[in-house]
Amino acid sequence: MLNYTQMNEQDKIKELEIKLAKYETNGIAKLFYSLNRKANEMADLLNKVNLANLALDDKNDKTFERLKVVWNDAASIATAIKSLENTTGLTNDEEKDTNNPKYRITTSESIANVLGNSAGQNH
């Protein structure tokens, strides 16, 4: 956690804006696309290796054990991806999906933006 008392005002504002921006995106959609990329990377990694070419008799070669870790986790990652896909209503447009926040923070500024800065004025 950051110690805001030791930061100058500009740095505090910058840091808080970064934190606020996380609430202005759709983290679940972002997680879906990230996990999907990792699944593709895992598949590419597994496809690069021909098990017949591994030195299984070399006790110092840990390639097979490391590959097992990847494929043992594959099902849980695939399940998570499918679950996120089925529950989030994604459009396959990552930018659109991730920049559409599910939870919005209501502030006086956000209300004023919606009302065109006319809140409280007599018409």
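The values are calculated or read from the model by the stated rules, or taken from the named source; none is laboratory data. What you see is a predicted model, and the numbers here were worked out from it, not measured in a lab. Reconstructed Cβ throughout: ideal geometry from the backbone, glycine too, with neighbour counts over all protein chains shown.
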From the set of residues in the stretch 74-94 that are exposed (fewer than 10 other Cβ atoms within 10 Å of the Cβ) and in a helix (DSSP H, G or I), which is modelled with the lowest pLDDT?
ASN86
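Evaluate the following for ASP61: is it among the acidic types (Asp, Glu), surrounded by fewer than 13 Cβ atoms within 10 Å (Cβ to Cβ) and at pLDDT 90 or above?
Details: among the acidic types (Asp, Glu): yes; surrounded by fewer than 13 Cβ atoms within 10 Å (Cβ to Cβ): yes; at pLDDT 90 or above: no.
For ASP61, the condition - among the acidic types (Asp, Glu), surrounded by fewer than 13 Cβ atoms within 10 Å (Cβ to Cβ) and at pLDDT 90 or above - is not met.
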Check on MET7, out of contact with any strand residue (DSSP E or B) (no Cβ under 9 Å at 6 or more places or on another chain), at pLDDT below 95 and surrounded by fewer than 11 Cβ atoms within 10 Å (Cβ to Cβ):
no
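Can you work out which of the residues in the stretch 10-37 that are basic (Lys, Arg) and surrounded by fewer than 13 Cβ atoms within 10 Å (Cβ to Cβ) is farthest from the chain's Cα centre (by Cα)? Step through it out loud before you land on a result.
The initial filter retains those residues of the stretch 10-37 that are basic (Lys, Arg), namely 12, 14, 19, 22, 30, 37.
Of the ones still in play, those that are also surrounded by fewer than 13 Cβ atoms within 10 Å (Cβ to Cβ) are 14, 19, 22, 37.
Details: LYS14: 21, LYS19: 15, LYS22: 10, ARG37: 10 Å.
Among those that are basic (Lys, Arg) and surrounded by fewer than 13 Cβ atoms within 10 Å (Cβ to Cβ), it is LYS14.
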